[in-house]
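One structure is given here, and the rest of the page talks about it.
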Amino acid sequence: MDAEVNDLGKRREEAGKVLRDILEKMGIEAEVSAFDDGTRVILDAHGTESGLIIGKKGATLDALQYLVNRISSRNTNTGPAVVVDAEGYRGRREDSLTDLARKLAEKAIRSGRPVAAEPMNPADRRIVHNALADSADVFTESEGEGMDRRVVVFPKSRRQAAAPTV
């Protein structure tokens, strides 16, 4: 247990330093708070330029998270994952996607037809799938390739009629 806590502490400090260095090189002034939830390290960048850190639909955040994970784990190749956030964006995005999932499900039930969401990255698709996973009325599947991959919400009555093709 002590080794795990020590690993989290080391990873938290290393990852925080890496993110601060990257933001400085990008010319973005931001404070970085680093903490852990017992299994992963969470970095939260906040400041007047947080919109630049987030990017369009969180794309810059995702890129920063990838870089921080790669750089901070290059010496160990293992360790707890690092999540990079800015001003609580990831939580707000998850709430927004959960609401979207409910609306898509309602539309699929009402129309009796599949309803497709806009293309999403894998993390966003996972949130939508999870939001509807326990639904008695709909099921979800991902369709498409690459950047055009999207979640499709099907009414469950369709499953009995004909299995969807993927």
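A few points about this structure:
- Unique match (being open to solvent by 60 Å² or more (accessible area, probe 1.4 Å), more than 30 Å from D7 (Cβ to Cβ) and assigned to a helix (DSSP H, G or I)) among L52, L104: L52
- Among (1) acidic (D, E); (2) within 18 Å of R90 (Cβ to Cβ); (3) part of a loop (DSSP other than H, G, I, E, B), the one test that D44 misses: (3)
- Residues that are closer than 15 Å to K156 by Cα and surrounded by fewer than 18 Cβ atoms within 10 Å (Cβ to Cβ), drawn from region 122-134: H129, A133, D134
Yes/no per residue for (1) loosely packed, with under 13 Cβ neighbours inside 10 Å; (2) more than 23 Å from A15 (Cβ to Cβ); (3) in contact (Cβ under 8 Å) with a residue 24 or more places away in the chain; (4) out of contact with any helix residue (DSSP H, G or I) (no Cβ under 6 Å at 6 or more places or on another chain):
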| site | (1), (2), (3), (4) |
| --- | --- |
| D62 | no, no, yes, yes |
| R90 | no, no, yes, yes |
| M120 | no, yes, yes, yes |
| K156 | no, yes, no, yes |
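- Each residue in region 23-41 was checked for being open to solvent by 30 Å² or more (accessible area, probe 1.4 Å) and outside any loop (DSSP other than H, G, I, E, B), and 8 of them qualify.
The values are calculated or read from the model by the stated rules, or taken from the named source; none is laboratory data. Source: prediction; values computed, not measured. For neighbour counting, all protein chains shown are included, and Cβ atoms are generated from backbone atoms with ideal geometry for every residue, glycine included. Please note that ligands, DNA and RNA were not included when accessible areas were found on the heavy atoms of the full protein model with its side chains. Shrake-Rupley method; radii C 1.70, N 1.55, O 1.52, S 1.80 Å.
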